[in-house]
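Student: This structure is in structure tokens; I'll ask about it shortly.
The values are calculated or read from the model by the stated rules, or taken from the named source; none is laboratory data. Being a predicted model, the structure only gives us computed values, none of them experimental. Note: ideal-geometry Cβ built from the backbone for every residue, glycine included; neighbour counts use all protein chains shown.
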Amino acid sequence: MPFLSATARCAAAALLLACSLVARPSETPDQSLLAAHQAWSTRDLATLTRHAQQLADDPLADYVQYWLLDLRLGQPGPVPNADIQAFFTRFPYSPLADPLRVSWLKALARSDDWTTFAAQVTPRALEDPEVACDHLQERMRHQDVSVVHDARILWFSPKSQPDSCDPVFRLLAAENLITRDDVWLTLRRALGSNNLPLARYINSFLPPLQGLSEDALTQAYTQPGTFLDTWDAAGDTRPARELALFALSQLAARDPQQAADIWLRLSPRFSSPERAYGWLQVAWQGAMAQHPNALAWFGLAGELTDDRMRAWRTRAALSQGNWDEVLRTINGMSPGEAARSAWRYWKGRALQALGRSAEAQAQWKPLSQESNYYGLLALEELGGQLTLPPEPAPLMPDEIDALRPHLARALRLHGLGLVPESQFEWNAVNRPLSPRQRLVLSALASQVQWYDRAIYSIERAGDQQDLALRFPLAFEETVRQQARQNHLDEAWVFGLVRQESYFAPLARSRTGAMGLMQLMPATARWVAKRIPLHHFQWAKSTQVDTNLQLGTFYLRHLLNRLGHPILATAGYNAGPNRVLRWVSGNPQEAAVFIESIPVSETRGYVEHVMFNATVYALRLGQSPQSLHQRLGTIPGMKPAHNGEPDPAAAP
């Protein structure tokens, strides 16, 4: 083959590049779309650019263009303002317009293009915390005096704020618009919630040598008992007192009684508000541990002004069966907190226990109309029982045909396995619809076994409820087979799977749990060895049969170990070792135990699973069993460990 001249080589290279940018005859649009998504995931701009050209006229071209612009916004150099404006012009109704605008505004702030930022910011974009803080910076540049009020709201928020808030906070602190007392107040809150990164950030607003010592903070956190035992020699300064209060809260989380004993000795050295705060920390931790002295400690803390602490005082009273205190504390809650389903139910229980039956029934009657855990408990207190609701009017062909075209994009993304994108697209279609249209949407999702979106839409369909859509018997044969094989209540398994994944086989949590029953890798491998499941591979964990086989076996193991379905359900979410620490030494009504679970996520999880199970029992035609019967009583003994270690990471 003869050598090419320099000119010919350049021409050949140009031709090769041009050929690489046109569609490959063997590559379908779906294949190209998946390749584009992979290129976006790996930040391969060149490959993504090639596929963007191929898919320029595709119905999902806005996704590809969004991925392309998202990558470009993350690179150094000028912000591609014109190309982003072109996206909005070409795709005015794309659901990706809002997330693209948020990314654009962040890039504009980073490049100090505040003029364009001010012109493009929208109320929807300000829902993003980083953009909100960027907007505060932009307003400060224009001497907007109202920015002080809005910035102080963010300063006192219990959550960590984005880095873009820091310039605003620093300027306000320099102008003494965030005062020294403001800093100490938020620092105490951060320490009280164990948010040490936030505490260290807030501490940086105090002058050198006037804030918390890093070494002392570490000791108060890791060795609170030792820290408090030697506190007398630490000197009576504001940092020393705050660290003592922090150490007290850490010790109370481990041993409330020891913390109470130490605080009884140390508290006279502190101011009256500090003494009350210290007792509040001891009482709160004692309530979460169901300590018998928790109510007495709350008494030493004085009048409560925080609904979270009122809630825990109520739970402490429930654990002690002190119905007078339950009623008094609920009545002291803010109107919004007292209106929550939980406190309406327990207020009714307190009234009933105190012989005020008519008031109790008046409390439960409106609650009994709610389709949830507490609503069903209230219904049963009134002598009612769960029944199948009337079915909505049958769907008409024209209703279905009117919505079907709007689902093409979501269904295509779903078929390609692009889970977040397909859910995002579905939710965008669902958002503006009427309750009746959401019922139609749910039915269409169910037809293609897209159960998680069917549940998503029907739960937002108002009075257009269909129990079969809201509580589908998805993968029924396999679920029932695995439940029977492990001697588990089928309704319970259905209820747990619904709560874990909404029956989405490819569901994946932020912590890495996967599949219908949301198994963590360590749990799946631990169970696979004990079944035994030969040649098990983690990649198979999302397969329906495999996931249900592993998950139901593990649930049976938890039931054997913990001895009660409520405890096993809690253990499935929080891990069995934590549940063992929550169990009281005395028999306890399961509803009280559930209400006293110290982890709010687990508490809500158990409530949902038990409500789901009661509904599924009805759907499966099981013998009638009320939610009260399903809950029962938690045994008055610590469940025994069988000596076999559990996986390090339980679901």
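Student: Against the conditions (1) surrounded by 13 or more Cβ atoms within 10 Å (Cβ to Cβ); (2) over 26 Å from ALA109 (Cα atoms); (3) among the charged types (D, E, K, R), where does ASP181 fall short? Just the number, please.
Tutor: Exception for ASP181: condition (1).
Student: Let me ask you something else. Here is a list of conditions, (1) part of a helix (DSSP H, G or I); (2) touching a residue at least 24 places away in the same chain (Cβ under 8 Å), and ALA317 meets all of them except one; can you say which number that is?
Tutor: Failing condition for ALA317: (2).
Student: Against the definition (at pLDDT 95 or above, surrounded by 15 or more Cβ atoms within 10 Å (Cβ to Cβ) and in a helix (DSSP H, G or I)), how does LEU433 come out, yes or no?
Tutor: no
Student: Let me ask something else. Taking SER111, is it surrounded by fewer than 17 Cβ atoms within 10 Å (Cβ to Cβ), touching a Pro at 6+ places or on another chain (Cβ under 9 Å), over 20 Å from LEU48 (Cα atoms) and assigned by TED's automatic domain parsing to the domain that holds ALA56?
Tutor: Considered against the rule, which asks whether it is surrounded by fewer than 17 Cβ atoms within 10 Å (Cβ to Cβ), touching a Pro at 6+ places or on another chain (Cβ under 9 Å), over 20 Å from LEU48 (Cα atoms) and assigned by TED's automatic domain parsing to the domain that holds ALA56, SER111 comes out as yes.
Student: Across the stretch 472-491, what is the number of residues that are part of a loop (DSSP other than H, G, I, E, B) and within 17 Å of ASP452 (Cβ to Cβ)?
Tutor: Here the count works out to 4.
Student: Is one or more of the residues making up the stretch 504-521 in a helix (DSSP H, G or I) and either touching a Phe, Trp or Tyr at 6+ places or on another chain (Cβ under 8 Å) or at pLDDT below 95 (or both)?
Tutor: Within the stretch 504-521 (the criterion being in a helix (DSSP H, G or I) and either touching a Phe, Trp or Tyr at 6+ places or on another chain (Cβ under 8 Å) or at pLDDT below 95 (or both)), the answer is yes, since at least one residue qualifies.
Student: Can you tell me which residue in the stretch 145-169 is farthest from LEU187 (Cα to Cα), limited to those that are charged (D, E, K, R) and surrounded by 13 or more Cβ atoms within 10 Å (Cβ to Cβ)?
Tutor: ASP150
Student: Continuing with the same structure: Among the listed residues LEU73, LEU105, which satisfies the condition of being touching a helix residue (DSSP H, G or I) at 6+ places or on another chain (Cβ under 6 Å) and within 21 Å of ALA39 (Cα to Cα)?
Tutor: Only one candidate passes the filter, namely LEU73.
Student: Cβ-Cβ below 9 Å, separation at least six or inter-chain, first residue in the stretch 341-356 and under 26 Å from HIS608 (Cβ atoms), second not in a helix (DSSP H, G or I): which pairs?
Tutor: SER341/GLU370; SER341/ASN372; TRP343/MET333; ALA350/ARG356
Student: Give me the helices (runs of 4 or more DSSP H) completely within the stretch 1-63, filtered to those with at least 3 residues that are modelled with pLDDT of 50 or more and small (Gly, Ala, Ser), ordered by residue number.
Tutor: Result: 29-41.
Student: Do we find that PHE494 is in the same structural domain as ALA617 (by TED's automatic domain parsing), assigned to a helix (DSSP H, G or I) and in contact (Cβ under 8 Å) with a residue 12 or more places away in the chain in this structure?
Tutor: When the stated conditions are applied, PHE494 passes them.
Student: Of the numbered conditions (1) in contact with a helix residue (DSSP H, G or I) (Cβ under 7 Å, 6 or more places away or on another chain); (2) surrounded by fewer than 18 Cβ atoms within 10 Å (Cβ to Cβ), VAL282 satisfies every one except a single condition; which is it?
Tutor: (2)
Student: Tell me which residues, restricted to the stretch 366-375, are farther than 18 Å from ARG470 by Cβ and either surrounded by fewer than 14 Cβ atoms within 10 Å (Cβ to Cβ) or among the polar types (S, T, N, Q) (or both).
Tutor: Within the stretch 366-375, PRO366, SER368 meet the criteria.
Student: In addition: Could you pull out every one of the helices (runs of 4 or more DSSP H) wholly within the stretch 108-210 that has 2 or more residues that are of a type outside the set (Ser, Thr, Tyr) and within 30 Å of GLY235 (Cβ to Cβ)?
Tutor: Output list reads 166-174, 180-192, 196-203.
Student: Exactly one of these conditions fails for ARG438: (1) surrounded by fewer than 21 Cβ atoms within 10 Å (Cβ to Cβ); (2) part of a helix (DSSP H, G or I); (3) under 25 Å from the mean Cα position of the chain (by Cα); (4) of a type in the set (D, E, K, R). Give me its number.
Tutor: (1)
Student: Which pairs have Cβ atoms under 8 Å, sit 6 or more apart or on different chains, and link a residue in the stretch 556-569 that is closer than 15 Å to THR633 by Cα and at pLDDT 95 or above to one that is outside any helix (DSSP H, G or I) and among the acidic types (Asp, Glu)?
Tutor: PRO565/ASP489
Student: Let me ask something else about it. Looking at the stretch 509-547, which of its residues are crowded, with 16+ Cβ neighbours inside 10 Å, touching a residue at least 60 places away in the same chain (Cβ under 8 Å) and of a type in the set (D, E, K, R)?
Tutor: ARG525
Student: Residue under question is ALA119, and the condition is that it be farther than 22 Å from PHE205 by Cβ, hydrophobic (A, V, I, L, M, F, W, C), surrounded by 18 or more Cβ atoms within 10 Å (Cβ to Cβ) and at pLDDT 95 or above; does it hold?
Tutor: When the stated conditions are applied, ALA119 does not pass them.
Student: Please find, among ALA378, ALA362, the residue that is among the aliphatic types (A, V, I, L, M), over 30 Å from the mean Cα position of the chain (by Cα) and either outside the structural domain of ASN612 (by TED's automatic domain parsing) or surrounded by 21 or more Cβ atoms within 10 Å (Cβ to Cβ) (or both).
Tutor: Among ALA378, ALA362, only ALA362 is among the aliphatic types (A, V, I, L, M), over 30 Å from the mean Cα position of the chain (by Cα) and either outside the structural domain of ASN612 (by TED's automatic domain parsing) or surrounded by 21 or more Cβ atoms within 10 Å (Cβ to Cβ) (or both).
Student: Scan ALA317, ALA294, ALA338 and give me the residue that is aliphatic (A, V, I, L, M) and surrounded by fewer than 22 Cβ atoms within 10 Å (Cβ to Cβ).
Tutor: Just a single option satisfies the conditions, and that option is ALA338.
Student: Any residue in the stretch 237-252 that is of a type outside the set (A, V, I, L, M) and in a loop (DSSP other than H, G, I, E, B)?
Tutor: So far as the stretch 237-252 goes, yes, one or more of its residues are of a type outside the set (A, V, I, L, M) and in a loop (DSSP other than H, G, I, E, B).
Student: Give all pairs with beta carbons closer than 8 Å in which a residue from the stretch 177-192 that is at pLDDT below 95 meets a residue that is among the aromatic types (Phe, Trp, Tyr) and in a helix (DSSP H, G or I); count only pairs at least 6 apart in sequence or on separate chains.
Tutor: GLY192/PHE246
Student: Looking at GLN143, GLN161 in this structure, which one is at pLDDT below 95 and under 32 Å from the mean Cα position of the chain (by Cα)?
Tutor: Unique residue meeting the criteria: GLN161.
Student: Also, quick follow-up: Kindly state which helices (runs of 4 or more DSSP H) lie completely within the stretch 523-613 and contain at least 3 residues that are within 24 Å of GLY348 (Cα to Cα).
Tutor: Output list reads 590-595.
Student: Another question about this same structure. Which one of ARG356, ARG269, ARG275, ARG313 is of a type outside the set (S, T, N, Q), on the phi < 0 side of the Ramachandran plot and at pLDDT below 95?
Tutor: Every option except ARG269 fails the conditions.
Conditions tested, residue by residue: (1) β-branched (Val, Ile, Thr); (2) not assigned by TED's automatic domain parsing to the domain that holds ARG431.
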position: ASP452; (1), (2): no, no
position: ASN486; (1), (2): no, yes
position: ALA539; (1), (2): no, yes
position: THR542; (1), (2): yes, yes
